[in-house]
Amino acid sequence: MPVDFSGTWNLVSNDNFEGYMVALGIDFATRKIAKVLKPQKVIKQDGDSFHIHTTSTFRDYLLEFKVGQEFEEDNKGLDNRKCKSLVTWENDKLVCVQTGEKKNRGWTHWLEGDDLHLELRCENQVCRQVFKRA
Ligand code: VL7
């Protein structure tokens, strides 16, 4: 059975989100608001088709993709840069490479015990987030 990320997940830890946002060029005032948020992720997975909705009291972000199919991502409401994104499986990890203006940009999702992990990468910064089922 392939891994299933489906569910509603609440953020419980967020290591170096500040460094990640600085690397993305997010302004000070926005970072100040963003870093105290406790976003929720609603993930709907049907095989290799994903719908990941990240919601918060400040901004929401919806991402829909199929594993192995490159797509245009506009990062609207985040850093607003466009990039080409490709998500692939690396064993049971979901790995996204976001090709664009920012070097080394991407993220990885995996499950560990009852937790959902997300590593966000941009340039030389790594943010590590952990979510628990709501
Ligand atoms: C999405 C935030 C910082 C701007 C607002 C912060 C609002 C809630 O891409 C992400 O997740 C992937 C994998 O699950 C699916 O898209 C992370 C949050 C990154 C970057 C930019 C700060 C302003 C946070 C939407």
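The values are calculated or read from the model by the stated rules, or taken from the named source; none is laboratory data. Small disclaimer: the values here were computed from a predicted structure and weren't measured. For neighbour counting, all protein chains shown are included, and Cβ atoms are generated from backbone atoms with ideal geometry for every residue, glycine included.
When we screen D46, D74 for residues that are surrounded by fewer than 16 Cβ atoms within 10 Å (Cβ to Cβ), closer than 17 Å to T99 by Cβ and either acidic (D, E) or near the ligand (Cβ under 8 Å from one of its atoms) (or both), the only hit is D74. Given the criteria at pLDDT below 95 and exposed (fewer than 13 other Cβ atoms within 10 Å of the Cβ), does D114 qualify? Taking the combined requirement at face value, the residue satisfies it.
Being out of contact with any strand residue (DSSP E or B) (no Cβ under 9 Å at 6 or more places or on another chain) and at pLDDT 95 or above holds for only one residue in N80, N104, N75, and it is N80. In summary, K84 fulfils each of the numbered conditions (1) in contact with a Ser or Thr (Cβ under 6 Å, 6 or more places away or on another chain); (2) surrounded by 13 or more Cβ atoms within 10 Å (Cβ to Cβ) with the single exception of condition (2). Counting only strands (runs of 3 or more DSSP E) that sit completely within the stretch 1-106, those holding 2 or more residues that are closer than 21 Å to Q125 by Cβ and touching a residue at least 40 places away in the same chain (Cβ under 8 Å) correspond to 7-15.
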